[in-house]
Each structure stands twice: as structure tokens, then as C-alpha cells.
Amino acid sequence: MGSAPSPGVPGQGFSGPGVLPVLPALRELLPRGLARGTVVAVAEFGLLCLALAAAASADGAWCGIAGLPEAGVLAAAGLGLDAGRILLVPDPGPAWPQVTASLLDGCELVLLRPPGPAGGTVPAQARRRLEATLRRGQGVLLVAGDWPGAQHRLRVVTQRWTGLGDGHGRLRACCAEVVADGRGEAAMTRTRWLWLPGEDGGVALADPRDFPADLGETAPALRAVSG
């Protein structure tokens, strides 16, 4: 298991004893970072999920990824995750709650897509057990899909790509409108535009006033490619 995040790592975002850091571009969506012992739900799997894990991984946290065979190590590393500190369980099968609990025992952040369409519906009993494991281990559970009672919820509502030209060209970067809300202090809805990814492959805040002329109004799904 990786060492606890150290405060003030340059360029990585807020961190502290009870918090995993987030990338600077995500601070306005998650101003307090990723609180240990909590669940963060993202509407569907894509680069946003990996971006949420990137700073914690780069800061030394072990990360588990379960139920996401398309989440390749190269795609994760491209967003800044430490490939040497990732545990992959592409298909945990019917025992996915037990597998996830084991990952939470050894990792500070676990990215999970529950089985079933659109992330599936997590049975209440399994959800309660995993939340108890999460609180004991003080990690963060990042769910690709729905999770009733998640402390934070994020979703991509709009995507626009550069480089398409007049129906042809090479996709260079994606500008995504991301909405975040949740419970308690996180209940206030926040909306930000992000380059996800930018032309350099990284994640950065975007200003709609600076959008290039070739920014497409429609876009392919924002997915993390295997690797």
C-alpha cells in the first residue's frame, strides 16, 4: 500500500491527512479533494474516471481497477497514473463485492464498475458492506455508474472535439462540460469546462471564450482506450 499523501505536493492539488489529492484542473469541482472513506460516482466510465485517480496515484497511492477490461494501463499512465501501483481485475465475476473489498483493504483508491447495464444496480446489502470496508480502510471508492448515497457525483454533459474539420481530420483534443454535485457540503452544483484530454494529453481547465474555430458540436463518446 502506498504511503499517505504528503501535503503540498507541487502541481498535484490539495491533499491532507484525510484527503487524496486531485489534479489542479479538478479542484473547482472537488475543492476539498477526495475525502477518505467516501464514494465518488461518475455517470459512466471514461477519461474523467482516470483523471480523478491521477493525482492520488502520482502521489504514491495504490489504485485498484475492477470490472473495467477496457481500462488499459497505457491509457491510465497517459493521464499520470503510476502504472507500477495499479492492480487490475478486468472481470471479477459474481464475487465482485468480495474482490472490491479486498482491493479496498490494500489500495487507497479503487475504481469499480459494478456488473450490469450502465454500471448496474448495486444490491443494498453489498453496498452497505463495501461502505463499511471503505470506512475502516479510509480509502476512496470511485464508481463508474450509479451509487445511491454517493458523497460526490460527476457527469460529462457535453463534449466537443478539435481537429475534425469539414467531416475529416484527426481528433486532437476534447473539451468536456463536467457537472458535479453530491451530499452535504458537496450539494451545491458546480459546472466547469475541461480539456479532457488537451492536445498534450493532459487535463486542464478550459475557457469557452477561447474555443478554437474547429471545435465540433458533436463528438464520439469520451472513452479510455485499452493499452
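The values are calculated or read from the model by the stated rules, or taken from the named source; none is laboratory data. Source: prediction; values computed, not measured. FYI the Cβ positions are ideal-geometry reconstructions off the backbone, even for glycines, and counts take in every protein chain you see. What goes into the accessible areas is simple: the full protein's heavy atoms, side chains included, and nothing from ligands, DNA or RNA. Shrake-Rupley method; radii C 1.70, N 1.55, O 1.52, S 1.80 Å.
Whenever you get a sec, line up 59, 146 from highest to lowest accessible area (probe 1.4 Å, protein heavy atoms).
146, 59
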Checklist line | Full-stretch length increase - residue 121, residue 204 - with 0.36 nm per residue and alpha-carbon distance subtracted | finding: 26.7 nm
Note to self: Could you work out what % of the accessible surface of segment 107-160 is carbon and sulfur, using a 1.4 angstrom probe and leaving DNA, RNA and ligands out of the count?
What the structure shows: 48
Notebook entry, point to check: How much accessible surface area, in Å² rounded to 10, belongs to the heavy atoms of residue 128 with a 1.4 Å probe?
Noted result: 140
Check: Could you give the length gained on full extension between residue 32 and residue 91, defined as 0.36 nm per residue of separation minus the Cα-Cα distance, in nm?
Finding: 18.0 nm
Check: With a sphere of radius 11 Å drawn around the Cβ of residue 53, what net charge do the other residues whose Cβ falls strictly inside it have (Lys, Arg +1; Asp, Glu -1)?
Finding: -2
Item checked: Accessible surface, per residue, of segment 47-132 when the full set of protein chains is kept, probe 1.4 Å, Å² -> 39
